[in-house]
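Here is the structure we will look at, set down as structure tokens.
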Amino acid sequence: MEEIFVPALGMAMDNAVLLEWQKNPGDSVNAGDVIAIIETDKTTMEINAETSGTLGKHRYVANDEVPAGNTITVVLAPGESE
């Protein structure tokens with residue numbers, strides 16, 4: 001299981017806004033796929049999967065403020081569940 005989280009992009013970054021999801025729970029995901037788009041006070045960026053599998057449930061909805069370091073979803077390997 002790979003946790004997909006909001007990275008801390010500097011010492012001053014506390015939160016990011018989850019702008020939109022690019023994949024839905026149950027979707028097949030390949031390494032490198034864009035999972036979500038977030039916005040910080042300085043930039044908009046894509047969050048990518050590092051492994052292939054099936055996307056788990058969304059833990060936040062679009063426009064939620066997400067603390068840096070928090071998991072927004074997971075990528076499940078075959079046979080895994082949340």
Selection count where residues are out of contact with any Leu (no Cβ under 9 Å at 6 or more places or on another chain) and either surrounded by 14 or more Cβ atoms within 10 Å (Cβ to Cβ) or modelled with pLDDT under 95 (or both), scope the stretch 22-31: 1
Residue that is modelled with the lowest pLDDT [pool: residues in the stretch 58-76 that are in a loop (DSSP other than H, G, I, E, B) and surrounded by 12 or more Cβ atoms within 10 Å (Cβ to Cβ)]: 68
Single unsatisfied condition, residue 34 versus (1) free of Cβ contacts under 8 Å to residues at least 24 places away in the same chain; (2) surrounded by fewer than 13 Cβ atoms within 10 Å (Cβ to Cβ); (3) hydrophobic (A, V, I, L, M, F, W, C): (2)
Meets criteria (aliphatic (A, V, I, L, M), modelled with pLDDT under 95 and in a strand (DSSP E or B)) for residue 13: no
Selection status of residue 82, open to solvent by 50 Å² or more (accessible area, probe 1.4 Å), assigned to a strand (DSSP E or B) and either touching a Pro at 6+ places or on another chain (Cβ under 7 Å) or of a type outside the set (Lys, Arg) (or both): no
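The values are calculated or read from the model by the stated rules, or taken from the named source; none is laboratory data. Keep in mind that this is a model prediction, so the values were computed, not measured. Reconstructed Cβ throughout: ideal geometry from the backbone, glycine too, with neighbour counts over all protein chains shown. Side chains included, ligands, DNA and RNA excluded: accessible areas come from the protein's heavy atoms. Shrake-Rupley method; radii C 1.70, N 1.55, O 1.52, S 1.80 Å.
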